[in-house]
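A.B. asks: If you scroll down you'll find the structure; I have some questions about it.
Just so you know, all these numbers are worked out from the coordinates, no wet-lab data involved. Please read all numbers here as calculations on a predicted model, not as lab measurements. As a convention, Cβ positions derive from the backbone with ideal geometry for all residues, glycine included, and neighbour counts pool all protein chains shown.
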Amino acid sequence: MYRFLLTPRWWGINVFLLLAIPFCIFMGSWQLGRFEDRVDDHRDAEERIASDQQEAARPLDDLLPVTKATSGKQATASGRYDTQLLVPDRTLDGEDGYYVLTLLRTGTGRALPVVRGWLPGDPDPARVPPVPAGEVTVTGALQASETPGSNGVSARGGLPEGQTSAISAASLVNLVPYDVYDAWVTLNRGDTGMKPVPASAPSGTGLDLKAFQNLGYTAEWFAFVGFVIFMWFRLLRRELELARDAELGLVPDEHGDGEDAGDGPRQPTGVSSPVQ
């Protein structure tokens, strides 16, 4: 009954099964490993941010350009505050609000974007504490320029005057008449009652969409293993049923009309033909 397993067709099916299962297991394990690596990177980045807050602040220019190694480090810079902008659609502790972003004109001729704090509700310039006057020295966590449309950063345009959707040199250079650092700093202590904005992990180290895509691919590869095995057993069962029907003489006529071509009507089994 199982002789069909030795036919070329079933040799091909069995070889495919033996190759597909380990391949799918390998790919699923690899995707799971990628997800675990991202989880570890995220944990390490959060621990590094916490430890960076305990380190002594270093001059801004010593930490540039911003990399995964310098992101979150304590930076210090001196200058005078100038243009102030509001950054809407920012959530803190589960509450909607906005950042208060003020550009610090430094002695280098460039301005450093400084997030002085966060306020709840819709952006309202009247509620924003006044900008400190005179020469100031700021200290906070160094952050890389944001990319609109990623990591929760809004990409919508058409904002009112005095607002920006992303904190990046590319966005700010069109709003101010001077050069801007390709980085920004979030103060450790919010100015005048505003909540401080915590530093975020550098790009590529968080549990972002790519991380959960890896987890989804893991599930897909292992599901495919089950699907391949299910289809093999289904084909095997079908072949066994056909073989059993053939042994019992229940295989349907290939012509589909219940008669053998050219032989006339088929005689019932056990009944002799009438005498001509």
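A.B. asks: Report, by chain and number, residues whose modeled amide H sits under 5 Å from the one on L92, excluding near sequence neighbours (fewer than 5 apart, same chain).
C.D. replies: For L92, the qualifying residues are G97.
A.B. asks: If each residue of separation counts as 0.36 nm, what is the full-extension length gain between F23 and E247 once their alpha-carbon separation is subtracted?
C.D. replies: Gain on extension, F23 to E247, equals 76.8 nm.
A.B. asks: Which value, in debye to the nearest 20, gives the size of the charge dipole of the stretch 57-198 about its Cα centre, when Lys and Arg are +1 and Asp and Glu are -1 at the Cβ?
C.D. replies: Around 320 debye, computed over the stretch 57-198.
A.B. asks: Using Cα positions and a limit of under 18 Å, work out the lysines in reach of K210, with same-chain residues fewer than 8 apart set aside.
C.D. replies: K68
A.B. asks: I want to check the label-to-label distance for R43 and D122. Put each point 7 Å from Cα in the C-beta direction and report it in nm to one decimal.
C.D. replies: The answer from the label model is 4.4 nm.
A.B. asks: What percent of all Cα-Cα pairs in the stretch 57-198 falls into each 10 Å bin, going from 0 up to the bin containing the maximum distance?
C.D. replies: Answer for the stretch 57-198: a P(r) of 12, 46, 36, 5 percent.
A.B. asks: Here is a further query. Once label points are set 7 Å from the Cα along Cα→Cβ at both W11 and Y178, what is their separation, rounded to one decimal in nm?
C.D. replies: About 8.0 nm separates the two model spin labels.
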